[in-house]
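Right, one structure below, let's go through it.
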Amino acid sequence: MKKVAIIGAGQVAEKVHAAYYKTRTQELELVAVIDPDAGRARDFAEQNGFARSYVDAAEMFETEKPDMVSICTPNRFHFDNVMLALSHGAAVMCEKPPAMTANEAQQMRDLAAKQHLVLAYDFHHRFATDMREVKKAYKDGVLGEVYMTKAKALRRSGVPGWGSFTNKALQGGGPLIDIGIHMLDAAMYVLDFPQVKKVTAKMFQKIGTKKSEGTFGTWDPTKYDVEDAVFAFIEFENGGLLQLETSFVLQMKESSVLNVEFFGDEAGATLFPAEIYTDRAGELVTILKKETADEERHAKSMQAFVDRVLGADVMVADAEQGYQVQRLIEAIYESAEKGESVYL
Ligand SMILES: NC(=O)c1ccc[n+]([C@@H]2O[C@H](COP(=O)([O-])OP(=O)(O)OC[C@H]3O[C@@H](n4cnc5c(N)ncnc54)[C@H](O)[C@@H]3O)[C@@H](O)[C@H]2O)c1
């Protein structure tokens, strides 16, 4: 049996992490939940079948000695908790983003390697079957040379009304570090993480500080200190270009867009649902078409982590890739703040 703990007893911890661990209790012993809010930790433990609750992570590690830990705190606390877990010999599933800075993500990667421990990030969109189809087509050359990619994580009125998602000090930023990062990871993963040459970005804060309610509840506009939207161009050493558009609140027709499009010289593809197509003399020819996207991504991401810790050779969003994505997030913010391109 492997002992499991969860740090940060919030909504993703319950809906995703605990929900999955509960399905594997033949192999996993659910030992502890940690949250600075003692009542929250206790209620979470009781309701989700964890044996004990703590307010202090260090005390929990000394007492329980867990083999694997989920980190589900606000972003600001990912680094300290991941480092603590790894130094106590626990494998880690850390929520996205990996950390607040590239330097932190690098230290986390290096410690995981030194300790020979799994450090995975919950970039769950990677685990959709749609992703497998498009990645295989890319690998097999069906798309030809992909010279343009468009990644979008856009909401018309989707400022999160819970947690600390509008607080820069706790989150490190707004839509880019929260939702844009998912489609950035998805695009980079399909493209096999090409070497980045240059990043150019612009960001806006136009609506979140004026409005106070939307699809995901209410927020305090006087405390909204993250960006509303980021638009970025990432140029690769291989000559290709990736355009990323992300926003919590943008005056657009659709209520939400979460997708990546790939444009190759042989064919084009869309990720969710997976579709691959090409033009033949003005006619659109479908090469592959899934009617609906795979929505079991969260559970599959958790499954990959648990299976990997138990010894299976399965893909996880690993520590090196997490560092690469964090480096891009940092470069995008840096370019937007400075108003100039950043060379990597
Ligand atoms: N993969 C995804 O799609 C996805 C979805 C939602 C959230 N997330 C990520 O999960 C994390 C948490 O988000 P959430 O929506 O569950 O937020 P939440 O506000 O619901 O939960 C956060 C919890 O962490 C606790 N906490 C605060 N500081 C702590 C500390 N130092 N140590 C331990 N616990 C602490 C809070 O008391 C709260 O219970 C964020 O990093 C977010 O980006 C990822």
Spherically averaged projected area in nm², based on the convex hull that wraps the Cα atoms of the range 219-261: 4.5 nm²
Normalise the Debye intensity by I(0) for the range 249-344, one equal point scatterer per Cα, no solvent, then take log10 at q = 0.25 Å⁻¹ and round to two decimals. -1.15
DSSP loop GluC sites (Glu not before Pro) with at most 14 other Cβ within 10 Å excluded, longest remaining stretch of the chain: 28-144
Just the projected area, averaged over all directions, of the convex hull on the alpha carbon atoms of the range 30-174: how many nm²? 11.8 nm²
Selected from Asn167, Asn81, Asn259 as most flexible by GNM, with the chain as the system and alpha-carbon contacts under 10 Å: Asn167
Take the chain, connect every pair of alpha-carbon atoms lying under 10 Å apart with a spring to form a Gaussian network, then pick out the residue of Ala51, Ala267, Ala120 with the largest mean-square fluctuation. Ala51
May I ask you to compute the full-extension gain from Thr63 to Asn103, defined as 0.36 nm times their residue separation minus their alpha-carbon distance, rounded to one decimal in nm? 11.4 nm
At a Förster radius of 35 Å, what calculated FRET efficiency corresponds to the Cβ-Cβ distance of Asn238 and Lys338, to the nearest 0.05? 0.85
Tell me the relative contact order for the chain as a rounded percent, counting alpha carbon contacts under 8 Å between residues six or more apart. 19 percent
When only Cα pairs under 8 Å and 6 or more residues apart are kept, what is the percent relative contact order across the range 83-211? 24 percent
Provide the percentage of antiparallel DSSP beta bridges, counting only those with both residues in the range 188-246; round to the nearest 5. 100 percent
Rg and Dmax in Å for the range 66-135, alpha carbons only: what are they? 12.8, 38
Give, in whole angstrom and from largest to smallest, the semi-axes √(5λ) of the equivalent ellipsoid of the range 255-302, with λ running over the eigenvalues of the Cα gyration tensor. 25, 11, 10
Spherically averaged projected area of the chain from its Cα convex hull (nm²): 17.8 nm²
Which percentage, to the nearest 5, of the DSSP beta bridges contained in the chain is antiparallel? 60 percent
Sequence gap at least 6, Cα distance under 8 Å: using those rules, report the relative contact order of the range 176-270 to the nearest whole percent. 29 percent
Please list the equivalent ellipsoid semi-axes of the range 30-74, computed as the square roots of five times the alpha-carbon gyration tensor eigenvalues, in descending order and whole angstrom. 15, 12, 10
If the viscosity is 1.002 mPa s and the temperature 20 °C, what Stokes-Einstein diffusion coefficient in µm²/s follows for the range 106-181 when Rh is the Kirkwood radius over Cα pairs? 133 µm²/s
Can you sort Arg155, Arg132 by how many other beta carbons sit within 10 Å, fewest first? Arg132, Arg155
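No value in this document is a laboratory result; all are computed from the given coordinates. On a predicted model such as this, the values are computed, not experimentally measured, just so you know. Neighbour counts are summed over all protein chains in view; Cβ atoms, including those assigned to glycine, are modelled from backbone coordinates with ideal geometry.
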